[in-house]
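Asks: Submitted below is the structure of interest, expressed as structure tokens.
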Amino acid sequence: MSHENRLGDTILENLCGLAVDVNGLIIPGQLIEGVLSRHAFNLVVNRNHEVYKISLVGSGTAVRYRDREILLTTKHQVRGIDPRQVAMLTDDDNIITSAGFRQYNVESDSDAYDIVAFDFTAPCADRPELKKRFFDLRGGAPPASLNVNVLAIVLSGFPVADQAYEVYEKNHIGLARRNITCEPHEQPSDVALLRVRTVQPLEIDPDGMSGGSAFVIQLVDGQPRAYFGGIVVRGGREFFSILKPGFVVAFLDAVFDP
């Protein structure tokens, strides 16, 4: 299930008659939101419990970089959690844990360091159907451009308020992805971040969106193109802070061998 605000729908409807380039693949505009949002996943933790098998702890963004399948999230999202138990659910509701994790081993006031990567390369080798979940970062970051050339910024994630965790009552977990259309707002003092504004204020507290995906749809030489725009670091009902894609790639270069 996905959610979208009405003015955000209007912005995306403007793309319906266009085709959007995503890593060289031309996607009809009316499908672009679904294509981009499928790389955001609910971050789950394997509890090894007979009844309460998993906990829901927010959002993650699945990317492929240098032949690795990696699930990204914010470091604060998994604080106090055994990182060896961070997992993904397969399409048939099996629990797949990562083969390891990477993070910066320094402390800083900059949110550039509030990021952690879980390596799903080995699990994906055993389950090749999972590979489609990971967005290929080969397309690079969005080029520098005037804001008028940014058609939309689409955030995707799993706010706690949208999820149904009814294991004891109904033996049911209902996962709901929320898509939020935003526009550029300002450059905060932390150069690692970009602040964006929701097209319309949210009706819920978006706690749990941290770690979710950001994609920028931008007009380049007259052609709409979609680029990886980073990951959500924090947000409220009107504003979100995004860790810029260049800082995400710099992190991956720093913690994984070439």
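Asks: Consider the range 131-159. How many of its residues are part of a helix (DSSP H, G or I), under 16 Å from the mean Cα position of the chain (by Cα) and surrounded by 16 or more Cβ atoms within 10 Å (Cβ to Cβ)?
Replies: Going through the range 131-159 one residue at a time, the tally reaches 2.
Asks: Residue check: is Val20 part of a strand (DSSP E or B), surrounded by 21 or more Cβ atoms within 10 Å (Cβ to Cβ), out of contact with any Asp or Glu (no Cβ under 9 Å at 6 or more places or on another chain) and modelled with pLDDT under 90?
Replies: No; evaluated as a whole, the condition is false for this residue.
Asks: Taking the stated definitions as given, is Arg102 out of contact with any Lys or Arg (no Cβ under 8 Å at 6 or more places or on another chain), buried (at least 17 other Cβ atoms within 10 Å of the Cβ) and more than 26 Å from Gly174 (Cβ to Cβ)?
Replies: Yes: the conditions hold for Arg102.
Asks: OK, next. Tell me, which residue of the range 198-239 that is hydrophobic (A, V, I, L, M, F, W, C) and part of a loop (DSSP other than H, G, I, E, B) is surrounded by the fewest Cβ atoms within 10 Å (Cβ to Cβ)? Show your work before the answer.
Replies: To start, the set of residues in the range 198-239 that are hydrophobic (A, V, I, L, M, F, W, C) comprises 199, 202, 204, 209, 214-217, 219-220, 226, 228, 231-233, 239.
Filter once more, so that each one left must be part of a loop (DSSP other than H, G, I, E, B): 199, 202, 204, 209.
Details: Val199: 21, Leu202: 19, Ile204: 13, Met209: 30.
Applying the filter and picking the extreme gives Ile204.
Asks: Sort through Asp136, Asp126 and tell me the only one that's acidic (Asp, Glu) and out of contact with any strand residue (DSSP E or B) (no Cβ under 8 Å at 6 or more places or on another chain).
Replies: Only one candidate passes the filter, namely Asp126.
Asks: Something else: When you check Ala254 against the structure, is it in contact (Cβ under 8 Å) with a residue 40 or more places away in the chain and surrounded by fewer than 17 Cβ atoms within 10 Å (Cβ to Cβ), yes or no?
Replies: Values: in contact (Cβ under 8 Å) with a residue 40 or more places away in the chain: yes; surrounded by fewer than 17 Cβ atoms within 10 Å (Cβ to Cβ): yes.
Spelling it out, Ala254 is indeed in contact (Cβ under 8 Å) with a residue 40 or more places away in the chain and surrounded by fewer than 17 Cβ atoms within 10 Å (Cβ to Cβ).
Asks: Against the condition surrounded by 18 or more Cβ atoms within 10 Å (Cβ to Cβ), outside the structural domain of Ser213 (by TED's automatic domain parsing) and modelled with pLDDT under 95, how does Val57 come out, does it pass?
Replies: Yes: the conditions hold for Val57.
Asks: Continuing with the same structure: Sort out which residues of the range 186-197 are modelled with pLDDT of 95 or more and in a strand (DSSP E or B), and write them in order of number.
Replies: Leu193, Leu194, Arg195, Val196, Arg197
Asks: Can you name the condition, by its number, that Pro184 falls short on among (1) under 19 Å from Gly140 (Cβ atoms); (2) surrounded by fewer than 22 Cβ atoms within 10 Å (Cβ to Cβ); (3) touching an Asp or Glu at 6+ places or on another chain (Cβ under 7 Å)?
Replies: Just one mismatch for Pro184, condition (3).
Asks: Test each condition in (1) more than 15 Å from Gln218 (Cα to Cα); (2) exposed (fewer than 14 other Cβ atoms within 10 Å of the Cβ) for Ile26 and report the one that comes out false.
Replies: (1)
Asks: Could you list, in sequence order, all residues of the range 99-130 that are more than 17 Å from the chain's Cα centre (by Cα) and small (Gly, Ala, Ser)?
Replies: Ala99, Gly100, Ser108, Ser110, Ala122, Ala125
This table checks each residue for (1) more than 15 Å from Ser59 (Cβ to Cβ); (2) not assigned by TED's automatic domain parsing to the domain that holds Arg195.
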{"site": "Asp114", "(1), (2)": "no, yes"}
{"site": "Asp126", "(1), (2)": "yes, yes"}
{"site": "Pro143", "(1), (2)": "yes, no"}
{"site": "Val150", "(1), (2)": "yes, no"}
{"site": "Phe158", "(1), (2)": "no, no"}
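The values are calculated or read from the model by the stated rules, or taken from the named source; none is laboratory data. This structure is a prediction, so every number in the text was calculated from the model and none was measured. Because the Cβ atoms are built from the backbone with ideal geometry, glycine has one as well, and the counts that use them run over all protein chains shown.
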